[in-house]
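A.B. asks: Got a structure for you, questions after.
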Amino acid sequence: MKLLSVNIGLPRQVDWNGKKVQTSIWKKPVEGTVRVGRLNLDGDRQSDLSVHGGPEKAVYVYPSEHYAFWRSEIADVDLHPGAFGENLTTLGLLEDQVQIGDRLRIGSAEFVVTQPRMPCFKLGIRFGRPDMVKRFLQSERTGFYLSVVHEGHVTAGDAIATVSREKHGVRVSDVVSLYGSDAGNQELLRRASEWTALPEGWREYFRKRLWGPDE
């Protein structure tokens, strides 16, 4: 597993449907070593902290393997590392392999996988396509967020190591599938609702979808 690119961006205002919208979704790769703080990377900042950023969404990861799919889907768009707003573009770290709660070491920093990305309308702004949020979710190529356990530094080319993992865990892809339509998988729903590494908002959402004993 490897870190291919480190990407940062600051808030900017853009016009969208006749309104001014502030967004930080435009990220560009940077060279050299970048410091990782508790809430973001140096030189990077989230715009709307009510839905973005915070300890549980400090760093966003997107697998480089998904870029080939999107290049075939939206061939008229220039896709480069950071195009999906990710801070870290990776190799060998896919949603169906990564568990919520996995502890990862990249460079001298350590992280914990917290949740998949559920995009807002700003993804549509980034690509100039109102249907992009729907397409993104349907693809199940969501990437995922990390919290920062130990601050440190990362550099493109760093190896990614799994420091610890619990057995029989809930994968990022499991959470995405359950969010989409898989309410019939009550065993997985129950497991996700009890998986303490998953943020409380997600667990509460899944608890509400559990069937009662007489249902």
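A.B. asks: Could you check the stretch 146-199 and list, in sequence order, the residues that are of a type in the set (S, T, N, Q) and in a loop (DSSP other than H, G, I, E, B)?
C.D. replies: SER181, ASN185, THR196
A.B. asks: Also, quick follow-up: Does the stretch 54-62 include one or more residues that are among the hydrophobic types (A, V, I, L, M, F, W, C) and surrounded by fewer than 21 Cβ atoms within 10 Å (Cβ to Cβ)?
C.D. replies: no
A.B. asks: Does SER5 satisfy being small (Gly, Ala, Ser), over 14 Å from the mean Cα position of the chain (by Cα) and assigned to a strand (DSSP E or B)?
C.D. replies: yes
A.B. asks: What tally of residues in the stretch 142-157 results from selecting those that are out of contact with any Ser or Thr (no Cβ under 6 Å at 6 or more places or on another chain) and crowded, with 21+ Cβ neighbours inside 10 Å?
C.D. replies: 5
A.B. asks: Of all residues in the stretch 63-79, which are at pLDDT below 95, aliphatic (A, V, I, L, M) and surrounded by fewer than 13 Cβ atoms within 10 Å (Cβ to Cβ)?
C.D. replies: Within the stretch 63-79, ALA75 is the sole residue that qualifies.
A.B. asks: Quick one: in the stretch 27-79, which of the residues that are within 14 Å of the chain's Cα centre (by Cα) and part of a strand (DSSP E or B) is farthest from LEU146 (Cα to Cα)?
C.D. replies: Here the answer is PRO63.
A.B. asks: Test each condition in (1) within 17 Å of the chain's Cα centre (by Cα); (2) surrounded by fewer than 15 Cβ atoms within 10 Å (Cβ to Cβ); (3) within 19 Å of ARG103 (Cα to Cα); (4) of a type outside the set (A, V, I, L, M, F, W, C) for ASP174 and report the one that comes out false.
C.D. replies: Only one criterion is unmet by ASP174, namely (2).
A.B. asks: Where residues in the stretch 80-136 are in a loop (DSSP other than H, G, I, E, B) and among the basic types (Lys, Arg), which of them is surrounded by the most Cβ atoms within 10 Å (Cβ to Cβ)?
C.D. replies: Out of the qualifying residues, it is ARG117.
The values are calculated or read from the model by the stated rules, or taken from the named source; none is laboratory data. Given the structure is predicted, the values throughout are model-derived calculations rather than measurements. So basically every Cβ, Gly included, is an ideal-geometry build from the backbone, and we count neighbours across all protein chains shown.
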